[in-house]
Amino acid sequence: METSTSKRQATNSMVYFKPSWEEEFFFAEHDGAVKCLVCCKKLNQLKRYNLQRHYKTYHEAAHLNYSSTQRRAEIERLKMKLLKTERDLPYAVSYFRSTIHK
Ligand SMILES: [Zn+2]
């Protein structure tokens, strides 16, 4: 059967997130999608043009005076925030449940 081979080839032809897009457009790959670090919008189309258009339309003005060091720091800060939010969420739900049972 050739099916598994052709499936693998189709996956290989996918476009992958490029790490440089993180610093260029404030996007990060997260849960199999690309997510805007500034407004948490998920983009389904992994194309440089889509990321660039979103960044230029909504966020570029806010970062115009940033040096590359400041951009890097801001990206790290936003990424930490994103990860923290996702990690705290299940905890918050279980805490809420345990207080109900008391
Ligand atoms: Zn955004």
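Taken together, the values in this text are just the output of simple stated rules run on the coordinates, not laboratory data. Please read all numbers here as calculations on a predicted model, not as lab measurements. Neighbour counts run over all protein chains shown; Cβ positions are idealised from the backbone, glycine included.
What the table shows:
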{"quantity": "Length gained when the stretch ARG48-GLU23 is fully extended (0.36 nm per residue, less Cα-Cα span)", "calculated": "7.7 nm"}
{"quantity": "Sorted peptide list for 55-67, 22-34, criterion being average Cβ within 10 angstrom, highest first", "calculated": "22-34, 55-67"}
{"quantity": "Amide H contacts of LEU37 (H built 1.01 Å from N, under 5 Å, at least 5 apart or other chain)", "calculated": "PHE27, ALA28"}
{"quantity": "Long pairs among LYS18/LYS84; LYS41/LYS79; LYS18/LYS42, criterion Cα-Cα beyond 20 Å", "calculated": "LYS18/LYS84"}
